[in-house]
1. Can you name every residue in segment 64-81 that is more than 16 Å from the ligand (Cβ to nearest atom) and surrounded by fewer than 19 Cβ atoms within 10 Å (Cβ to Cβ)?
2. Working only within segment 142-198, note down all residues that are without any contact (Cβ under 8 Å) to a residue 40 or more places away in the chain, of a type in the set (S, T, N, Q) and not in a helix (DSSP H, G or I).
3. What number of residues in segment 1-30 are more than 17 Å from residue 89 (Cβ to Cβ), within 15 Å of the chain's Cα centre (by Cα) and assigned to a loop (DSSP other than H, G, I, E, B)?
4. Sort out which residues of segment 105-127 are outside any loop (DSSP other than H, G, I, E, B), surrounded by 15 or more Cβ atoms within 10 Å (Cβ to Cβ) and in contact with a strand residue (DSSP E or B) (Cβ under 7 Å, 6 or more places away or on another chain), and write them in order of number.
5. Looking at (1) out of contact with any Cys (no Cβ under 7 Å at 6 or more places or on another chain); (2) under 21 Å from residue 153 (Cα atoms); (3) within 12 Å of the ligand (Cβ to nearest atom), find the lone condition where residue 46 falls short.
6. Between residues in segment 49-62 that are closer than 15 Å to residue 73 by Cα and residues that are surrounded by fewer than 18 Cβ atoms within 10 Å (Cβ to Cβ), which pairs lie under 6 Å by C-beta distance while being six or more apart or on different chains?
7. Would you call residue 168 surrounded by 19 or more Cβ atoms within 10 Å (Cβ to Cβ) and more than 22 Å from residue 55 (Cβ to Cβ)?
8. May I ask you to say which residue of 178, 142 is of a type outside the set (Asp, Glu), farther than 21 Å from residue 79 by Cα and within 16 Å of the ligand (Cβ to nearest atom)?
Amino acid sequence: MSRELVIATGNLHKLEEIRAILTLPGLVLVGLSEFSDAPEVVEDRDSFEGNAIKKAEELGAFTGGWTLADDSGLEVDALNGAPGVYSARYAGEPVNTAANNAKLLQALGSRTDRTARFRCVMALCSPEGVVRTVEGRCEGTIAMDESGGGGFGYDPLFIPDGSALTFAQMVPATKNRISHRGRALASAVIAWGALLSRQ
Ligand code: IMP
């Protein structure tokens, strides 16, 4: 038996990572780009959880099927948790990764307290509109300079604990094994199983 899950993100990097991580037998992942008229969800909540739930509810109502939304970002302790929910647009509109990374390096300057974490909250919406959230985190530090050409977003600056490499220097499988998104997806699969067993 096959089952479809709509991945409610317009971010192709996230979709690519989720496709690489979520390889369950019989599971068919459908990207939002396959719906030409999907509504644009305004991410105006002040938490990852709030935005993930909003995306899952609005896009779940639109697709009518199992729908998974991801809201994620980087929290830097010395910046009181910034860029946080504003990670994508830290340096303003339109989204500009190079400008975001440059702004982060400038904000930290030569500070030595550079601890940070990636957080990913996933919200799973059932066809009946029941929503469950899960979270994955990855602790690390912000490098002094960018390194590596892989990944996306802040990956060239983020060194996960226990590694000497940034996420952007790792092969995708290594990042996905320890990342906030990989961890959130492992929990999402368990939450999905629990929801299915209620049906
Ligand atoms: P969202 O689409 O509002 O969830 O924005 C997430 C933003 O957080 C992205 O645009 C990136 O700037 C950042 N981000 C989230 N996950 C990652 C990751 O795995 N690597 C690098 N940056 C990430």
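1. Step one: filter segment 64-81 for residues more than 16 Å from the ligand (Cβ to nearest atom), giving 64-66, 77-78, 80.
Hits for segment 64-81 are 64, 65, 77, 78, 80.
2. 147, 163, 166, listed by residue number.
3. Summing the residues that are more than 17 Å from residue 89 (Cβ to Cβ), within 15 Å of the chain's Cα centre (by Cα) and assigned to a loop (DSSP other than H, G, I, E, B) in segment 1-30 gives 2.
4. Those that are outside any loop (DSSP other than H, G, I, E, B), surrounded by 15 or more Cβ atoms within 10 Å (Cβ to Cβ) and in contact with a strand residue (DSSP E or B) (Cβ under 7 Å, 6 or more places away or on another chain): 108, 116, 117, 118, 119, 120, 121, 122, 123, 124, 125.
5. Against the list (1) out of contact with any Cys (no Cβ under 7 Å at 6 or more places or on another chain); (2) under 21 Å from residue 153 (Cα atoms); (3) within 12 Å of the ligand (Cβ to nearest atom), residue 46 comes up short only on (3).
6. From segment 49-62, the pairs are 51/43; 51/45.
7. Spelling it out, residue 168 is indeed surrounded by 19 or more Cβ atoms within 10 Å (Cβ to Cβ) and more than 22 Å from residue 55 (Cβ to Cβ).
8. 178
Every number in this text was worked out from the coordinates using simple rules, so none of it is lab data. None of these values were measured; they are calculated from a predicted model. Positions of Cβ are backbone-derived with ideal geometry, glycine not excepted, and every protein chain shown enters the neighbour counts.
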